[in-house]
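> Below: one structure in structure tokens.
The values are calculated or read from the model by the stated rules, or taken from the named source; none is laboratory data. Quantities reported herein were computed from a predicted structural model and do not represent experimental measurements. Cβ placement follows ideal geometry from the backbone for every residue including glycine, while neighbour counts extend to all protein chains displayed.
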């Protein structure tokens, strides 16, 4: 399939390979291409421990168990289209100064300790994770990377023909500025994913609102000025209300456990 894309892309083959389920946008990449590109990015991240100090899954097993539990709850809710296609691997980056998270194509999820420690409860973190997972699940990342770098360069990386470019693509992923439509869709699906889960489906709005109230000199990329942050908060609340979402999580227990989680990092 990759060779077909590289050497004989016709209109029909592009259309067939770009077709996706659940109303995803047009995308020249296949699901396997997304997974392979994500794996290449993961390997590049792991080759740069100074820039991306990932916490050991053995040393911080309790923290990873907590984080994986949130991910599992989101996937178990049954709304993630590619829940069985992508890896959805959690990674924690040790940098308390960064309020950010990102998800590569294929579902490799990275969360900075700065973001984790900034948040106050599980639902808020689940909302942000849902937002980042939506970018991968709806395949926004490969859509935007294609626009930024071109289909040929990305497919060369996938098939191992231009590994020198992977560092450039990694920088693009960690600082990727999604379109207004992509951000709006990721906000929406964060609610959709969480609605059947135990969490407050509008958890992402809590984080956005805290950023707005307190301000920060280093806001995360996904809290961009397009769409307006205040509108994003309202839209997330409206989506949760429209879907009739109700949380079953014990708020008191949640705050206590989340505090313990933060202190373990």
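> For the range 187-200, enumerate the residues that are crowded, with 24+ Cβ neighbours inside 10 Å and assigned to a loop (DSSP other than H, G, I, E, B).
Of the range 187-200, the ones crowded, with 24+ Cβ neighbours inside 10 Å are 187, 190-191, 193-194, 197, 199-200.
Residues satisfying the conditions are 197, 199, 200.
> Quick check on my filter: what residues within the range 235-252 are loosely packed, with under 12 Cβ neighbours inside 10 Å and part of a helix (DSSP H, G or I)? If you could, list the steps in order and put the result at the bottom.
Step one: of the range 235-252, the residues loosely packed, with under 12 Cβ neighbours inside 10 Å are 242, 244, 246, 248, 250, 252.
Hits for the range 235-252 are 242, 252.
> Considering only the range 78-90, state which residues are in contact with a helix residue (DSSP H, G or I) (Cβ under 6 Å, 6 or more places away or on another chain) and either touching a residue at least 60 places away in the same chain (Cβ under 8 Å) or in a helix (DSSP H, G or I) (or both).
79, 80, 81
> Counting only residues that are assigned to a helix (DSSP H, G or I) and either within 15 Å of residue 38 (Cα to Cα) or modelled with pLDDT of 75 or more (or both), how many does the range 149-167 have?
Narrowing the range 149-167 to residues assigned to a helix (DSSP H, G or I): 149, 151-158, 163-167.
Next, only the ones that are either within 15 Å of residue 38 (Cα to Cα) or modelled with pLDDT of 75 or more (or both) stay: 151-158, 163, 165-167.
Number satisfying all stated conditions: 12.
> Confirm whether residue 184 is surrounded by fewer than 24 Cβ atoms within 10 Å (Cβ to Cβ), under 27 Å from residue 33 (Cα atoms) and modelled with pLDDT of 80 or more. Lay out the reasoning, then the answer.
Numbers: surrounded by fewer than 24 Cβ atoms within 10 Å (Cβ to Cβ): yes; under 27 Å from residue 33 (Cα atoms): yes; modelled with pLDDT of 80 or more: yes.
In short, yes.
> Any chance the range 42-49 includes a residue that's within 28 Å of residue 192 (Cα to Cα), surrounded by 13 or more Cβ atoms within 10 Å (Cβ to Cβ) and either at pLDDT below 95 or over 16 Å from the mean Cα position of the chain (by Cα) (or both)? Reasoning before the result, please.
Taking the range 42-49 first, the residues within 28 Å of residue 192 (Cα to Cα) are 42.
Filter once more, keeping what is surrounded by 13 or more Cβ atoms within 10 Å (Cβ to Cβ): 42.
Adding the requirement that they be either at pLDDT below 95 or over 16 Å from the mean Cα position of the chain (by Cα) (or both) leaves 42.
So far as the range 42-49 goes, yes, one or more of its residues are within 28 Å of residue 192 (Cα to Cα), surrounded by 13 or more Cβ atoms within 10 Å (Cβ to Cβ) and either at pLDDT below 95 or over 16 Å from the mean Cα position of the chain (by Cα) (or both).
> Would you confirm whether any residue within the range 118-130 is over 22 Å from residue 183 (Cα atoms) and out of contact with any strand residue (DSSP E or B) (no Cβ under 7 Å at 6 or more places or on another chain)? Give the steps one after another, and end with the answer.
Residues of the range 118-130 that are over 22 Å from residue 183 (Cα atoms), as a first pass: 120-121.
After this cut, where a residue has to be out of contact with any strand residue (DSSP E or B) (no Cβ under 7 Å at 6 or more places or on another chain) as well, the list is 120-121.
Yes.
> Right, something else. Can you name the number of the only condition in (1) surrounded by 17 or more Cβ atoms within 10 Å (Cβ to Cβ); (2) more than 25 Å from residue 168 (Cβ to Cβ); (3) touching a residue at least 60 places away in the same chain (Cβ under 8 Å) that residue 132 fails?
For residue 132, the failing item is (2).
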